[in-house]
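No value in this document is a laboratory result; all are computed from the given coordinates. These numbers were taken from a predicted model, which means no experiment stands behind them. All Cβ positions, glycine included, derive from the backbone under ideal geometry; neighbour counts span all protein chains shown.
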Amino acid sequence: MDSPEAMKAASVEMTVKIDDNEAQPSDYGTDESTALGIPGLNINQFTSGIVGIPINDGFSNPVVGYSASLRWVRAEANVDFVNTAA
């Protein structure tokens, strides 16, 4: 019979996690600023949608339009290693 010291085991684990997130305003690809009466802003897909109209003095979100954080492509990759030696 083996001794308790000989029965010890070691393990190595690796985990890979990849996250991908894309977000666009709901009016992406439209000429909403032109329809609102502000011509010349929607010249391509990137500038499509409605213009943001903020009110200063304490309002952090625009009254019309979207916040500047929209239209993003974000990605993240995590690689984790665990070595357990007994």
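Net charge within 15 Å of Ala77 by Cβ-Cβ distance, Lys/Arg positive one each and Asp/Glu negative one each, not counting Ala77 itself? Don't jump to the answer; show the numbers that get you there.
Values: positive: Lys17, Arg74; negative: Asp19, Asp20, Glu76, Asp80.
Value of the local net charge: -2.
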Taking every other residue with Cβ under 10 Å from the Cβ of Ile50 and scoring Lys and Arg +1, Asp and Glu -1, one gets -3
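Starting from the exponent 0.38 and prefactor 2.2 Å, build the expected Rg for the stretch 10-85 from its residue count and divide its actual Cα Rg by it. Kindly include the intermediate steps, with their values, before the conclusion.
Details: Rg = 20.9 Å, N = 76, 2.2 N^0.38 = 11.4 Å.
In units of the globular-protein estimate, the stretch 10-85 measures up at 1.84.
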Between the modelled labels at Val64 and Asp20 (7 Å from Cα along Cα→Cβ) the distance in nm is 3.6 nm
Fewest-first ordering of Asp19, Asp27 by Cβ atoms within 10 Å yields Asp19, Asp27
